[in-house]
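Before any comments, here is the structure.
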Amino acid sequence: MSFQIVTRFAPSPTGYLHVGGARTALFNWLLARHSGGQFLLRIEDTDLARSSEQAVKQLLDDLRWLGLNWDNVELVFQSKRLEAYNGIIEQLMSQGMAYKAYETPEELEGQRRIAERAKRAYIYKRPKLTDEQIRKYESEGRPAVVRFAMPVREFRFHDVVLGKEIVLGASQVQDFVIRKTDGMPTYHFAVVVDDAAMGISHILRGQEHLLNTVNHIALQEALGYARPTYGHLPVILNTDGSKMGKRDRDKKIRHRANVWLKNTKRSAAELAAAAALETGRIEGWLADDGRQLEAAEQQKLMPVVGLEAGDLPEILVHDFRASGYLPDVLLNFLALLGWSPGGDRERMSVGEMVQLFSLDRVGQANAKFNRDKLLAFNTEACAAAGATQLVPAMRDFLSVNADSPLGSADAAALEKVIAMNVGMRTLREAEQKSRFLFLADENIEYQADAVEKILLKNDKQGLNVLGRMRQVLDETLDWTAACVEAAVKGYCASASLALGKVAQPIRVAVSGTSISPPIFASLEFLGKERTLRRIDNCLRFATSQ
């Protein structure tokens, strides 16, 4: 019987999936698919305060959107395995390999401060309690954790990504908690039990878990479990070398909030009131760079300070989905963050990534998340894709952007939008340029700078042109892009005007802005009646300015 590789992805359900977690899931998925093995999914929800059913749904939606399908029919939820965990913990305690510890958080913090003052690393030492002391603590109902009695010896393991032996000396090991005071197992314990129960052969995870592996190996040896193969992946950084994280979005909102306060000469309390948030919360956040707003608070604050979702750096998989990136493009890009297929190759299909993936090509250096490169990837993919791929992709994009007026568009209309936006970098870009096409004529909002620059400047030259073009377009019988273009160009020739001097006033009239898809295709999409109605509305609006 041949050996089968079994990998897993084990996220904590605290919200949408971070791209770092997605990269971890991808590498485990690629390893399993390349070898013909299995990729299993486990939900590590032992932190009851932070876990929720909604967060589980968000995680699963992100993984499905990426196409990282898992092989276990029933998901493993750690919160449903307490009986199994407790049975093993009781076994360890009966064998003298685990024990109850009664220190309070304040007592532990005092021990840490003593170590700091002595300029030495804090290593937990098991106190020598008498039976009488233990009975006293128990009778008082004093909360207790359960700690694993770590063997005091050197530990080592081979890391297949770092390509070297990781060694932790006997002086560095210490007893660690395996069950918390609330009765829930810790990550260090549950992960070992579940990896063994699921038959996991290979564990690829972030380098923040590197030294945790020693604790896991000690538990595996105590419980008689086989040791999986370990590999710890490089960290994902921003291009400036800082660690990529949710804090980046908060940082952008904070900067804009400070600009708003300066420009409006208003107070933090007034900002809080405008966003319907607590004054103390906003004042504390502005005064302390270490604080972060919750996602719901950010959503309330952003429109007040003039930010839209697309203005923030994407950090979560859902962010990229909502920004209009294609899932295969994101997977391709994430695969290159720490892995090389060889031969300077970069553009790959998912099938090609599966075929080419190998652990010996996973690098050791930290990877930088180059957003310009990802955007270039997506631009190329959109240009190469046909309507059969882009229409469903646009429909999916709209499903997570419920406020878009394009949400009511049928497949034929979406196909026209895509055709009018050749060269788009993201689906969001096409949606933003085209949303005016799906608004009611009376709901067009005219941007002040566009009206001033294109219609009112030079003694209302653009407005006068628009008035004359209204008659030309009214007399155009065949309302196709080609015929409308011919009529407009005919007027330009007769009036000795450049096309831009005529097309731009029309664009402002029908869209409210100076940017849209090709103007003649846009006019055909709107139809003659709606085009003329919008021009009339614009003439009335601009004349009143």
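The values are calculated or read from the model by the stated rules, or taken from the named source; none is laboratory data. Because the structure is a prediction, the values reported are computed rather than measured. When we count neighbours, we look across all protein chains shown, and the Cβ atoms used for this are built from the backbone with ideal geometry, even at glycine. These accessible areas exclude ligands, DNA and RNA; they are computed on the full protein's heavy atoms, side chains included. Shrake-Rupley method; radii C 1.70, N 1.55, O 1.52, S 1.80 Å.
Taking the range 65-78 as the region of interest, how many residues are open to solvent by less than 40 Å² (accessible area, probe 1.4 Å) and more than 25 Å from residue 320 (Cβ to Cβ)? Qualifying residue count, the range 65-78: 3. Residues that are modelled with pLDDT of 95 or more and among the hydroxyl-bearing types (Ser, Thr, Tyr) occur in the range 393-408; there is at least one. The residues of the range 186-233 that are open to solvent by 10 Å² or more (accessible area, probe 1.4 Å) and among the β-branched types (Val, Ile, Thr), listed by number, are 186, 200, 229. Only one of the listed residues (186, 181, 239) is closer than 30 Å to residue 312 by Cβ and of a type in the set (S, T, N, Q). That residue is 239.
For the range 366-405, the set of residues classified as open to solvent by less than 40 Å² (accessible area, probe 1.4 Å), within 28 Å of residue 339 (Cα to Cα) and touching a residue at least 60 places away in the same chain (Cβ under 8 Å) consists of 367, 369, 393, listed by residue number.
Matching residues to (1) within 30 Å of residue 382 (Cβ to Cβ); (2) out of contact with any Gly (no Cβ under 7 Å at 6 or more places or on another chain); (3) assigned to a loop (DSSP other than H, G, I, E, B); (4) hydrophobic (A, V, I, L, M, F, W, C):
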residue	(1), (2), (3), (4)
232	no, no, no, no
251	yes, yes, no, no
329	yes, yes, no, yes
334	yes, yes, no, yes
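If you go through the range 242-270 and keep only what is closer than 30 Å to residue 360 by Cβ and in contact (Cβ under 8 Å) with a residue 40 or more places away in the chain, you end up with 244, 245.
If you go through the range 501-545 and keep only what is of a type in the set (Gly, Ala, Ser), assigned to a helix (DSSP H, G or I) and over 21 Å from residue 477 (Cα atoms), you end up with 511, 542. Can you name every residue in the range 426-448 that is surrounded by fewer than 20 Cβ atoms within 10 Å (Cβ to Cβ), more than 15 Å from residue 401 (Cβ to Cβ) and in contact (Cβ under 8 Å) with a residue 40 or more places away in the chain? 441, 442, 444, 445, 446, 447 - these are the residues of the range 426-448 that are surrounded by fewer than 20 Cβ atoms within 10 Å (Cβ to Cβ), more than 15 Å from residue 401 (Cβ to Cβ) and in contact (Cβ under 8 Å) with a residue 40 or more places away in the chain.
For residues that are modelled with pLDDT under 90 and part of a loop (DSSP other than H, G, I, E, B), scanning just the range 289-306, find the one that is surrounded by the fewest Cβ atoms within 10 Å (Cβ to Cβ). In this case the residue turns out to be 290. Note on the range 444-468: residues that are among the small types (Gly, Ala, Ser) and in a loop (DSSP other than H, G, I, E, B) amount to 0. Here residue 352 clears all of (1) touching a strand residue (DSSP E or B) at 6+ places or on another chain (Cβ under 7 Å); (2) open to solvent by 30 Å² or more (accessible area, probe 1.4 Å) except the condition numbered (1). Evaluate the range 197-209: report whether one residue or more is β-branched (Val, Ile, Thr) and assigned to a helix (DSSP H, G or I). The answer is no; no qualifying residue exists.
Within the group 423, 386, 467, 407, which residue is at positive phi and small (Gly, Ala, Ser)? It is 423.
Among the candidates 68, 41, 48, 31, the residue that is outside any helix (DSSP H, G or I) and over 22 Å from the mean Cα position of the chain (by Cα) is uniquely 48.
Going by the structure shown, is residue 314 open to solvent by 60 Å² or more (accessible area, probe 1.4 Å) and out of contact with any Leu (no Cβ under 7 Å at 6 or more places or on another chain)? Taking the combined requirement at face value, the residue does not satisfy it.
When the residues of the range 268-277 are filtered to those that are in contact with an Asp or Glu (Cβ under 9 Å, 6 or more places away or on another chain) and part of a loop (DSSP other than H, G, I, E, B), the one that is surrounded by the most Cβ atoms within 10 Å (Cβ to Cβ) is 275. Looking at the structure I just gave you, is residue 256 in contact with a helix residue (DSSP H, G or I) (Cβ under 6 Å, 6 or more places away or on another chain), open to solvent by 40 Å² or more (accessible area, probe 1.4 Å) and part of a helix (DSSP H, G or I)? Considered against the rule, which asks whether it is in contact with a helix residue (DSSP H, G or I) (Cβ under 6 Å, 6 or more places away or on another chain), open to solvent by 40 Å² or more (accessible area, probe 1.4 Å) and part of a helix (DSSP H, G or I), residue 256 comes out as yes.
Among residues of the range 225-240 that are without any contact (Cβ under 8 Å) to a residue 60 or more places away in the chain, those with a beta-carbon under 6 Å from a residue that is open to solvent by less than 10 Å² (accessible area, probe 1.4 Å) and of a type in the set (A, V, I, L, M) at least six positions away or on a different chain give the pairs 228/203. Of the strands (runs of 3 or more DSSP E) contained entirely in the range 103-181, those carrying at least 2 residues that are free of Cβ contacts under 8 Å to residues at least 24 places away in the same chain fall at 164-168. Scanning the range 414-425 for residues that are free of Cβ contacts under 8 Å to residues at least 40 places away in the same chain and open to solvent by less than 30 Å² (accessible area, probe 1.4 Å) gives 414, 418.
Please go through the range 524-545 and pick out each residue that is touching a residue at least 24 places away in the same chain (Cβ under 8 Å), closer than 21 Å to residue 416 by Cβ and out of contact with any Leu (no Cβ under 8 Å at 6 or more places or on another chain). Selection gives 524, 527, 530, 533.
Based on what the data block shows, is residue 471 out of contact with any helix residue (DSSP H, G or I) (no Cβ under 9 Å at 6 or more places or on another chain) and open to solvent by 80 Å² or more (accessible area, probe 1.4 Å)? For residue 471, the condition - out of contact with any helix residue (DSSP H, G or I) (no Cβ under 9 Å at 6 or more places or on another chain) and open to solvent by 80 Å² or more (accessible area, probe 1.4 Å) - is met.
Exactly one residue out of 543, 513, 531 is among the hydroxyl-bearing types (Ser, Thr, Tyr), over 13 Å from residue 484 (Cβ atoms) and more than 39 Å from the chain's Cα centre (by Cα), and it is 543.
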